[in-house]
(Lines give C-alpha, C1' and ligand atoms only; values in the text may rest on other atoms or scores of the structure.)
Protein backbone atom coordinates (compact mmCIF):
# COMPACT_ATOMS: atom_id res chain seq x y z
CA UNK A 1 0.00 0.00 0.00
CA UNK A 2 2.87 2.39 0.71
CA UNK A 3 4.49 1.56 -2.62
CA UNK A 4 1.34 2.33 -4.58
CA UNK A 5 1.11 6.10 -3.98
CA UNK A 6 4.86 6.46 -4.43
CA UNK A 7 5.04 4.80 -7.84
CA UNK A 8 1.59 5.91 -9.00
CA UNK A 9 0.83 9.16 -7.16
CA UNK A 10 -2.17 9.92 -9.40
CA UNK A 11 -3.75 6.72 -10.70
CA UNK A 12 -6.60 8.62 -12.37
CA UNK A 13 -4.18 10.77 -14.34
CA UNK A 14 -2.12 7.70 -15.23
CA UNK A 15 -5.21 6.02 -16.65
CA UNK A 16 -6.22 9.24 -18.40
CA UNK A 17 -2.84 9.67 -20.09
CA UNK A 18 -2.77 6.01 -21.15
CA UNK A 19 -6.29 6.22 -22.53
CA UNK A 20 -5.56 9.46 -24.41
CA UNK A 21 -2.35 8.00 -25.87
CA UNK A 22 -4.15 4.93 -27.14
CA UNK A 23 -6.91 7.11 -28.64
CA UNK A 24 -4.40 9.37 -30.42
CA UNK A 25 -2.08 6.56 -31.51
CA UNK A 26 -2.48 5.51 -35.16
CA UNK A 27 -2.76 1.81 -34.24
CA UNK A 28 -3.38 -0.21 -31.09
CA UNK A 29 -0.08 -2.04 -31.30
CA UNK A 30 1.97 -3.49 -28.46
CA UNK A 31 4.59 -0.77 -28.93
CA UNK A 32 2.01 1.97 -28.48
CA UNK A 33 0.64 0.27 -25.39
CA UNK A 34 4.15 0.11 -23.97
CA UNK A 35 4.66 3.83 -24.70
CA UNK A 36 1.29 4.56 -23.06
CA UNK A 37 2.36 2.76 -19.90
CA UNK A 38 5.76 4.52 -19.84
CA UNK A 39 4.15 7.96 -20.30
CA UNK A 40 1.27 7.20 -17.94
CA UNK A 41 3.66 6.26 -15.15
CA UNK A 42 6.43 8.80 -15.76
CA UNK A 43 4.41 12.01 -16.37
CA UNK A 44 2.48 11.94 -13.06
CA UNK A 45 5.68 10.91 -11.29
CA UNK A 46 7.75 13.78 -12.75
CA UNK A 47 5.00 16.35 -12.12
CA UNK A 48 3.92 14.91 -8.76
CA UNK A 49 4.86 18.00 -6.78
CA UNK A 50 2.46 20.12 -8.88
CA UNK A 51 -0.59 18.05 -8.05
CA UNK A 52 -2.46 18.98 -4.93
CA UNK A 53 -4.36 16.22 -3.19
CA UNK A 54 -7.27 15.55 -5.41
CA UNK A 55 -10.70 15.61 -3.77
CA UNK A 56 -12.70 12.47 -3.59
CA UNK A 57 -15.56 12.00 -6.07
CA UNK A 58 -18.44 11.63 -3.66
CA UNK A 59 -21.29 11.59 -6.17
CA UNK A 60 -20.27 10.81 -9.76
CA UNK A 61 -23.92 10.73 -10.90
CA UNK A 62 -24.45 14.36 -9.86
CA UNK A 63 -21.32 15.07 -11.89
CA UNK A 64 -22.93 13.64 -15.01
CA UNK A 65 -26.08 15.70 -14.38
CA UNK A 66 -23.90 18.79 -13.97
CA UNK A 67 -22.01 17.99 -17.19
CA UNK A 68 -25.26 17.72 -19.18
CA UNK A 69 -26.48 20.98 -17.63
CA UNK A 70 -23.25 22.79 -18.55
CA UNK A 71 -23.47 21.56 -22.16
CA UNK A 72 -27.11 22.72 -22.31
CA UNK A 73 -26.21 26.10 -20.83
CA UNK A 74 -23.38 26.53 -23.36
CA UNK A 75 -25.86 26.03 -26.22
CA UNK A 76 -28.54 28.35 -24.81
CA UNK A 77 -26.09 31.05 -23.70
CA UNK A 78 -24.14 30.93 -26.99
CA UNK A 79 -27.33 31.78 -28.80
CA UNK A 80 -28.10 34.69 -26.49
CA UNK A 81 -24.57 36.06 -26.70
CA UNK A 82 -24.57 35.70 -30.48
CA UNK A 83 -27.66 37.91 -30.62
CA UNK A 84 -26.04 40.45 -28.29
CA UNK A 85 -22.82 40.58 -30.34
CA UNK A 86 -24.56 41.04 -33.69
CA UNK A 87 -27.17 43.49 -32.34
CA UNK A 88 -26.64 47.10 -31.30
CA UNK A 89 -23.71 47.32 -28.91
CA UNK A 90 -24.96 50.25 -26.84
CA UNK A 91 -27.50 47.92 -25.30
CA UNK A 92 -24.69 45.89 -23.71
CA UNK A 93 -24.04 46.33 -20.03
CA UNK A 94 -20.67 44.65 -19.34
CA UNK A 95 -19.56 44.55 -15.72
CA UNK A 96 -17.31 42.86 -13.22
CA UNK A 97 -19.19 40.93 -10.57
CA UNK A 98 -17.89 39.33 -7.39
CA UNK A 99 -19.35 35.91 -6.72
CA UNK A 100 -18.83 34.75 -3.14
CA UNK A 101 -17.81 31.07 -3.22
CA UNK A 102 -17.73 28.52 -0.45
CA UNK A 103 -15.21 26.10 -2.01
CA UNK A 104 -11.87 25.67 -0.26
CA UNK A 105 -10.36 23.01 -2.49
CA UNK A 106 -8.18 24.57 -5.23
CA UNK A 107 -9.05 21.90 -7.80
CA UNK A 108 -12.81 22.25 -7.31
CA UNK A 109 -12.53 26.05 -7.34
CA UNK A 110 -10.62 25.82 -10.64
CA UNK A 111 -13.35 23.58 -12.04
CA UNK A 112 -15.98 26.15 -11.08
CA UNK A 113 -13.95 28.96 -12.66
CA UNK A 114 -13.52 26.91 -15.85
CA UNK A 115 -17.25 26.16 -16.07
CA UNK A 116 -18.00 29.88 -15.65
CA UNK A 117 -15.52 30.70 -18.44
CA UNK A 118 -16.86 28.00 -20.78
CA UNK A 119 -20.47 29.15 -20.50
CA UNK A 120 -20.71 32.12 -22.87
CA UNK A 121 -21.32 35.57 -21.46
CA UNK A 122 -19.12 35.09 -18.41
CA UNK A 123 -15.33 34.79 -18.03
CA UNK A 124 -13.57 34.08 -14.75
CA UNK A 125 -10.99 36.76 -14.14
CA UNK A 126 -9.61 36.02 -10.70
CA UNK A 127 -10.10 33.71 -7.75
CA UNK A 128 -9.37 35.02 -4.30
CA UNK A 129 -9.55 31.85 -2.28
CA UNK A 130 -8.55 33.56 0.96
CA UNK A 131 -11.51 35.93 0.71
CA UNK A 132 -13.66 33.32 -1.04
CA UNK A 133 -14.47 35.48 -4.05
CA UNK A 134 -14.62 34.54 -7.72
CA UNK A 135 -14.26 37.67 -9.84
CA UNK A 136 -16.26 37.28 -13.05
CA UNK A 137 -16.53 39.54 -16.08
CA UNK A 138 -19.96 39.36 -17.67
CA UNK A 139 -20.82 40.60 -21.14
CA UNK A 140 -24.30 41.72 -20.24
CA UNK A 141 -25.51 42.12 -16.67
CA UNK A 142 -29.23 42.64 -16.45
CA UNK A 143 -29.55 41.73 -12.78
CA UNK A 144 -26.34 41.26 -10.80
CA UNK A 145 -27.91 39.52 -7.80
CA UNK A 146 -29.76 37.11 -10.07
CA UNK A 147 -26.56 36.31 -11.99
CA UNK A 148 -24.61 35.57 -8.80
CA UNK A 149 -27.46 33.43 -7.51
CA UNK A 150 -27.60 31.53 -10.82
CA UNK A 151 -23.88 30.71 -10.76
CA UNK A 152 -24.11 29.56 -7.15
CA UNK A 153 -27.26 27.53 -7.68
CA UNK A 154 -26.51 25.96 -11.06
CA UNK A 155 -22.79 25.26 -10.77
CA UNK A 156 -21.37 25.76 -7.29
CA UNK A 157 -23.96 23.80 -5.32
CA UNK A 158 -23.79 20.66 -7.54
CA UNK A 159 -19.96 20.84 -7.66
CA UNK A 160 -19.86 20.86 -3.87
CA UNK A 161 -22.11 17.83 -3.80
CA UNK A 162 -20.06 15.96 -6.43
CA UNK A 163 -16.83 16.34 -4.48
CA UNK A 164 -18.40 16.19 -1.04
CA UNK A 165 -17.07 19.53 0.15
CA UNK B 1 -28.71 10.99 -46.84
CA UNK B 2 -30.08 11.95 -43.44
CA UNK B 3 -26.57 11.60 -42.04
CA UNK B 4 -25.27 14.04 -44.66
CA UNK B 5 -27.96 16.58 -43.78
CA UNK B 6 -27.18 16.32 -40.06
CA UNK B 7 -23.45 16.69 -40.73
CA UNK B 8 -24.02 19.72 -42.99
CA UNK B 9 -26.26 21.37 -40.40
CA UNK B 10 -23.71 20.81 -37.63
CA UNK B 11 -20.89 22.25 -39.76
CA UNK B 12 -23.06 25.27 -40.62
CA UNK B 13 -23.90 25.85 -36.94
CA UNK B 14 -20.24 25.52 -36.01
CA UNK B 15 -19.11 27.90 -38.74
CA UNK B 16 -21.81 30.40 -37.76
CA UNK B 17 -20.68 30.49 -34.16
CA UNK B 18 -17.03 30.75 -35.16
CA UNK B 19 -18.04 33.71 -37.35
CA UNK B 20 -20.04 35.29 -34.52
CA UNK B 21 -17.03 34.88 -32.24
CA UNK B 22 -14.86 36.71 -34.78
CA UNK B 23 -17.49 39.44 -35.28
CA UNK B 24 -17.54 39.88 -31.52
CA UNK B 25 -13.76 40.15 -31.45
CA UNK B 26 -13.91 42.91 -34.08
CA UNK B 27 -16.95 44.83 -32.84
CA UNK B 28 -16.86 44.76 -29.06
CA UNK B 29 -15.52 47.93 -27.45
CA UNK B 30 -12.88 46.87 -24.91
CA UNK B 31 -10.52 44.10 -23.97
CA UNK B 32 -12.70 42.32 -21.44
CA UNK B 33 -15.79 42.20 -23.62
CA UNK B 34 -13.65 40.97 -26.54
CA UNK B 35 -12.49 38.12 -24.39
CA UNK B 36 -16.00 36.64 -24.65
CA UNK B 37 -15.79 36.17 -28.43
CA UNK B 38 -13.01 33.56 -28.71
CA UNK B 39 -14.16 31.48 -25.72
CA UNK B 40 -17.57 31.14 -27.33
CA UNK B 41 -16.22 30.26 -30.77
CA UNK B 42 -14.22 27.41 -29.31
CA UNK B 43 -16.96 25.97 -27.15
CA UNK B 44 -19.97 25.76 -29.43
CA UNK B 45 -18.33 26.40 -32.81
CA UNK B 46 -15.62 23.81 -32.54
CA UNK B 47 -17.93 21.54 -30.54
CA UNK B 48 -20.39 21.32 -33.46
CA UNK B 49 -17.65 20.74 -36.04
CA UNK B 50 -16.16 18.02 -33.87
CA UNK B 51 -19.53 16.26 -33.50
CA UNK B 52 -20.01 16.52 -37.28
CA UNK B 53 -16.59 14.94 -37.82
CA UNK B 54 -17.46 12.23 -35.28
CA UNK B 55 -20.67 11.33 -37.12
CA UNK B 56 -18.96 11.47 -40.52
CA UNK B 57 -16.09 9.15 -39.62
CA UNK B 58 -18.48 6.93 -37.68
CA UNK B 59 -20.76 6.56 -40.71
CA UNK B 60 -17.81 6.04 -43.06
CA UNK B 61 -15.99 3.37 -41.08
CA UNK B 62 -18.79 1.97 -38.93
CA UNK B 63 -16.79 2.49 -35.75
CA UNK B 64 -16.62 5.33 -33.28
CA UNK B 65 -13.55 7.52 -33.65
CA UNK B 66 -12.46 8.74 -30.24
CA UNK B 67 -9.83 11.07 -31.63
CA UNK B 68 -12.35 13.89 -32.10
CA UNK B 69 -13.38 13.57 -28.49
CA UNK B 70 -9.74 14.01 -27.48
CA UNK B 71 -9.56 17.20 -29.56
CA UNK B 72 -12.64 18.66 -27.88
CA UNK B 73 -11.33 17.60 -24.47
CA UNK B 74 -8.07 19.50 -25.04
CA UNK B 75 -9.95 22.57 -26.30
CA UNK B 76 -12.34 22.58 -23.37
CA UNK B 77 -9.48 22.33 -20.92
CA UNK B 78 -7.28 24.99 -22.52
CA UNK B 79 -9.88 27.64 -23.51
CA UNK B 80 -10.82 28.73 -19.95
CA UNK B 81 -7.18 28.67 -18.86
CA UNK B 82 -6.04 30.98 -21.67
CA UNK B 83 -9.03 33.29 -21.16
CA UNK B 84 -8.30 33.42 -17.44
CA UNK B 85 -4.60 34.20 -17.99
CA UNK B 86 -5.39 36.93 -20.55
CA UNK B 87 -7.90 38.52 -18.18
CA UNK B 88 -5.49 38.36 -15.28
CA UNK B 89 -2.67 39.89 -17.33
CA UNK B 90 -4.99 42.67 -18.49
CA UNK B 91 -6.06 43.45 -14.93
CA UNK B 92 -2.43 43.58 -13.83
CA UNK B 93 -1.21 45.88 -16.61
CA UNK B 94 -4.18 48.16 -16.06
CA UNK B 95 -3.47 48.29 -12.34
CA UNK B 96 0.20 49.05 -13.02
CA UNK B 97 -0.68 51.79 -15.46
CA UNK B 98 -3.06 53.53 -13.09
CA UNK B 99 -0.52 53.24 -10.26
CA UNK B 100 2.03 55.25 -12.22
CA UNK B 101 2.03 59.00 -11.52
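The values are calculated or read from the model by the stated rules, or taken from the named source; none is laboratory data. Here the structure is a predicted model, which is why all the values come from computation and not from measurement. Methodologically, a virtual Cβ is constructed for each residue, glycine included, from the backbone with ideal geometry; neighbour enumeration extends over all protein chains shown.
For the range A:17-35, taking the residues that are within 25 Å of the chain's Cα centre (by Cα) and surrounded by 15 or more Cβ atoms within 10 Å (Cβ to Cβ), the one that is modelled with the lowest pLDDT is identified as A:23.
If only residues of the range B:38-73 that are touching a residue at least 12 places away in the same chain (Cβ under 8 Å) and within 7 Å of chain A (Cβ to nearest Cβ) are counted, the one that is nearest to residue A:76 (Cα to Cα) is B:44.
Here residue B:29 meets the list (1) loosely packed, with under 14 Cβ neighbours inside 10 Å; (2) out of contact with any helix residue (DSSP H, G or I) (no Cβ under 7 Å at 6 or more places or on another chain) almost entirely, failing just condition (2).
For the range A:96-113, a residue qualifies if it is surrounded by fewer than 19 Cβ atoms within 10 Å (Cβ to Cβ) and either within 14 Å of chain B (Cβ to nearest Cβ) or within 8 Å of the chain's Cα centre (by Cα) (or both), and the qualifying residues are A:96, A:97, A:98, A:106, A:107, A:110.
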